[in-house]
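Beneath this line is the structure, given in structure tokens, with notes to follow.
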Amino acid sequence: MRRLLFASVLLLVTSMLSESADGAMSNLVEVNYRNLVSRADLDYDKPVSRSEEGMPVGNGRMGSLVWTTPSQLRFQINRVDVFAENCETNSFPVRDSDYGSGCGYVDIDFVDFGDDVFAGEAFGQHLSLYDGLMTVRGKGIKARVLAWPERDVMAVEVEDSRQQPSAVNVDLRMLRYAVQYHSRRNYDLTRTHSVMIRTRSHTATSRLDIRDGRILLTQEFREGDYYNASAIAVGVVGRPSKAKYANDSTVRLSAAPGKGRFAILIASASSFDPEQDIAALALKELDAAAVKGFAGLRAETADWWHDFWSKGFVYMHSGDGQADFVEQNYTYFLYLMGASSRGNYPPRFGGMLWRTTGDLSRWGSQHWWANTNAYYSNLMPSNRLELMEPMFSMYSGMRESCARAAVQQWGSQGIWIPETVWFDGPEVLPDDIAAEMQELYLMKKPWEQRSEKFRRFAELKQPHESRWNWKNKGQWINGRWVWRDKGKGPFGHTTHMLGPNARIAELFWRRYQYTMDETWLRERAYPMIRDAAEFYRNFPNFKKGQDGKYHIHHVNNSESSWNSSDTSYEIFSMRTIFPLAIRASKILSVDAELRPVWQEIKDNLVEMPTRSRRRSRAYGAFVYGGEGGIEPLPPEEELKSRFLGFNRLNSFIDTAGIGGAQIFRNRLRLREGPGAIDAEHIGGLTSGIHETMLSSSPEEVDGEPVLRIFNDWPKSWDAAFTLLARGAFVVSSSMEKGHIEFVQIQSQVGGECRLRNPWPGKSVMLHRNGRKGENLSGSVLKFPTAPGETVTVVLQGTKPFRRKVLREL
């Protein structure tokens, strides 16, 4: 708040039209992006008390929280594409024991014998979101940290101004260390500075190395035919350095003492190919960065982030600062996604790229759709569609294995995407196990009659995985891990959730609507949509009843109401996917023979069940009311509470183990157990902001998009935005003192625009490419647009003028 109170000019909004002599009009919105984005910066005047409070720095593929101890700057390097195991593992039957993402620790130590540097009044740590640059200062030491977007390198510039500088030691440490016996291997492991840790059939081998004055740490994960490897390479530029092995788990690079600046480069790589030299891949990244130098890396990183921020914005202000607070969290969430969601896989919901606890992460390494959805469900309006690709890539990449799972586990067709799934999809099961699983899960065979072979097979499977989620907590008894089921036969929290298919496929469709890219629809979206519809159509427990309606039986209602019929979760999913399958197939002129079949199901699908409880409407806060629902608030306060309730904090998992549920100074939340730091609450807030500032959802799921501006927006909050709408329209608007001043629509591909009248009951005037156009009236304004055309909509009779809003806090 101290920083905000002394902030200078923040935002320039040209909020109405300026008409020149020839009738042309200028842009409506002009933003000082540096001032706007900087409102969300992190600024610490005291060191962190725990690693989870560090500042996030990443390039979308690799990253770390950056935190300090009195003498060190510390990192845990994580990647989105590091997975210690895959769907075929039999080695992690204990909950939360599977792991991934982590590559190694990097500790930069500035003190040998002298005074602490990161302590007292000299300390300060700042994260500039606009430049993608973190700065930390201490007694005689200043360091700048960035993650290069172009290649997988993090860079640290050290400036040493101490009267008596000491050597700066960079320690590269293994995440895991143990001394185990490995027949005929131990001497060779010791000789090569390697540590192998066996967990049942799985091995994790960490190896230290020194090459040409650079230090390296590689990891290799193996189980059966599965292989994944990672590497970290560290080098010093601009200062003499010397490498040595510090101990069995650490390799050290020491920069010579001296005043002035030098750079530490930290590169990483990952591969699934055992033939690749993973260390060489990391060194190649390091060499590319060394040529640039820190100044070049800083300039390129800043340019990338400046372009990122220019794609759209959200601005809010209220006299009490509440709107400003919400805006800062929104901007920060976009930074987090830009820093963690640009790889081949999405960051896992718990930890993202910000793990600091080594391999430890409550909930393991799999992906839960409900949690992943919190990050991606309504991100597209930000106009940064590239951030969605990791999620799309992962789920479309597992389509083949999900198709096999639909047949094996359920006796259906299409695809089944489990709620909780490995990065590569469900395992291909032995035929006899699959046949018995199908009978058990479809309730054709009593649970008590499952075979001993099935029991033994299930014994080694990960209990978080959806198909084995009937397994309950276990415990060690006389040296054996003993588990039991959850008491409901083959049912568990996520075993019989079928809806992720449809909900993920709907996001593929939504991306088509935001871009109108028919190639995407044909090649990426429609296969997912068709297969999700076909799964439901062919699901054995989906049948037409005597009432002439289609019903579904023996399913869950999300994670509750196990073994139920016609649950709202599944009915909603079907009411989404069948209309979309029909609409998409018509657009593409394919599968004409399936359309009447889908239509017949759509026309005769059972109605949605009536909800017995009403959910809190706080965006990002999934809190349910008790009997009778939630105590109503005055309308304006109710609207505000939806935004302000996102950071409600309630304990969820292992409160004592995490030191109490909390939201840290870095706005990240810890409530789901050790190592499971998350940003789901800010993702939910972002979704709510997009939905209320600019909703473009159709009236019906398969209908045409309708733009709604400042839908249910608090009238006492001033706001402005540029966001992306369905139909490939980039939309800008501004609200001042409860009045919508204009709507500007940039049509990227042309087509009809449907806009709910921002001024109900009044007529509007259109300006096309700066020149006066037609007048319109009605509740929904419909008008054609040409590719590249800019259409401005204002209240009829409004006199064009230009107003600059300059505000100081």
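The values are calculated or read from the model by the stated rules, or taken from the named source; none is laboratory data. In this text, all values refer to a predicted model and were calculated from it rather than measured experimentally. Virtual Cβ from ideal backbone geometry, glycine too; neighbours counted across all protein chains shown. Only protein heavy atoms, including side chains, enter the accessible area calculation; ligands, DNA and RNA are left aside. Shrake-Rupley method; radii C 1.70, N 1.55, O 1.52, S 1.80 Å.
Using the 1.4 Å probe convention, the accessible area of the chain works out to 39 Å² per residue with neighbouring protein chains retained. For Lys259, the aspartates and glutamates whose Cα comes closer than 14 Å to its Cα, not counting residues fewer than 8 places off in the same chain, are Glu157, Glu159, Asp160. Taking θ as phi - 60° and the Karplus parameters 6.51, -1.76 and 1.60, the scalar couplings of the stretch 515-522 work out to 10, 6, 8, 5, 5, 4, 4, 6 Hz in sequence order, x denoting glycine and proline.
Extension gain for Arg200-His182 works out to 5.2 nm (0.36 nm per residue, less the C-alpha to C-alpha distance).
So what is the calculated 222 nm ellipticity per residue for the chain, using -39500 (n - 2.57) for each DSSP H run with n of 4 or more, over all residues, to the nearest 500 deg cm²/dmol?
After summing the helix terms and dividing by the residues of the chain, the value is -7500 deg cm²/dmol.
For Gln796, the residues whose amide H sits under 5 Å from its own are Ser763, Val764, Met765, ignoring neighbours fewer than 5 places away on the same chain, with H placed 1.01 Å from N.
Stretched out fully, how many nm does the piece from Asp115 to Ala786 gain, at 0.36 nm a residue minus the Cα gap? Result for the pair: 234.9 nm of gain on full extension. Computed over the alpha-carbon atoms, the chain gives an Rg to Rh ratio of 0.98, Rh here being the Kirkwood radius from the mean inverse distance.
For Met443, the amide hydrogen comes within under 5 Å of no other amide hydrogen, counting only partners 5 or more places away or on other chains and with H modelled in the peptide plane. For Leu605, the amide hydrogen comes within under 5 Å of the amide hydrogens of Tyr550, counting only partners 5 or more places away or on other chains and with H modelled in the peptide plane. Gain on full extension, evaluated as 0.36 nm per residue between Ser716 and Lys242 minus their Cα-Cα distance, stands at 164.5 nm. Straight-line cross-link partners of Lys292 among the lysines, defined as a Cα under 19 Å from its Cα and at least 8 positions apart when in the same chain: Lys284. Computed on the Cα atoms alone, the convex hull of the stretch 525-608 gives a volume of 88 cubic angstrom per residue.
Of the two radii for the stretch 304-434, the radius of gyration is 1.09 times the Kirkwood radius, both from the alpha carbons; that is the Rg over Rh value. Share of pairwise Cα-Cα distances greater than 19 Å in the stretch 259-348 is 63 percent (whole percent). Note: the stretch 725-767, Cα convex hull, 87 Å³ per residue. In order along the stretch 175-189, phi translates into HN-Hα couplings of 7, 9, 8, 7, 9, 10, 8, 10, 3, 6, 10, 4, 4, 5, 4 Hz, rounded to whole numbers, per the Karplus curve 6.51 cos²θ - 1.76 cosθ + 1.60 with θ = phi - 60° and x for Gly and Pro.
For the stretch 674-782, the average shadow cast by the Cα convex hull is 9.3 nm², which is a quarter of the hull's surface.
Computed from the Cβ-Cβ distance with R0 of 35 Å, the FRET efficiency linking Ala295 to Phe272 stands at 0.50. The chymotrypsin sites (Phe, Trp or Tyr not before Pro) of the stretch 234-297 meeting both criteria, a DSSP state outside H, G, I, E and B (loop) and at most 16 other C-beta atoms within 10 angstrom of the site's C-beta, are Phe272.
Note on Glu523 and Lys46: their simple-model spin labels are 5.4 nm apart, each label 7 Å out from Cα toward Cβ. Excluding His551 itself, what net charge comes from residues whose Cβ is under 14 Å from its Cβ, given Lys and Arg +1 and Asp and Glu -1? Here the count lands on +1.
Taking 28 Å as the limit for the C-alpha separation, the pairs Lys142/Lys242; Lys640/Lys772; Lys46/Lys311; Lys444/Lys486 exceed it in the case of Lys640/Lys772; Lys46/Lys311. Of the trypsin sites (Lys or Arg not before Pro) found in the stretch 396-486, those that fall in a DSSP loop while having at most 16 other beta-carbon atoms within 10 Å are Lys444.
Provide Rg over Rh for the stretch 128-269; use the alpha carbon set for both Rg and the Kirkwood Rh (inverse mean inverse pair distance).
Details: Rg = 17.8 Å, Rh = 16.9 Å.
Taking Rh as the inverse mean 1/r over Cα pairs, Rg/Rh reads 1.05.
In the stretch 138-195, one over the average inverse separation of all distinct C-alpha pairs is 15.6 Å, which is the Kirkwood hydrodynamic radius. Straight Cα distances below 22 angstrom link Lys586 to the lysines Lys602, with same-chain residues fewer than 8 positions distant left out. Counting every C-alpha pair in the stretch 517-557, the share spaced more than 17 angstrom apart comes to 49%.
Calculated FRET efficiency, Ala592 to Asp702, Cβ-Cβ distance, R0 = 25 Å: about 0.90 to the nearest 0.05. Its Cα gyration tensor gives the stretch 457-593 an equivalent ellipsoid; the semi-axes, largest first and in whole Å, are 35, 19, 11. Taking GluC sites (Glu not before Pro) as exposed when DSSP calls them loop and at most 11 other C-beta atoms lie within 10 angstrom, the chain has its longest site-free stretch at 276-592.
The trypsin sites (Lys or Arg not before Pro) of the stretch 650-714 that DSSP puts in a loop, and whose beta carbon has at most 16 other beta carbons within 10 Å, are Arg665. Shape summary: the stretch 66-146 maps onto an equivalent ellipsoid whose semi-axes, from the alpha-carbon gyration tensor, are 35, 16, 9 Å in decreasing order. Volume per residue of the convex hull around the Cα atoms, evaluated for the stretch 645-712, comes out as 116 Å³.
Between Thr798 and Lys473, take the C-beta separation as r, use R0 = 56 Å, and let me know the FRET efficiency to the nearest 0.05.
Working: r = 65 Å, r/R0 = 1.15.
Result of the calculation: an efficiency of 0.30.
A simple rule links phi to the HN-Hα coupling: the Karplus curve 6.51 cos²θ - 1.76 cosθ + 1.60 with θ = phi - 60°, which for the stretch 201-209 gives 8, 9, 10, 10, 10, 9, 9, 8, 7 Hz, with x for Gly and Pro.
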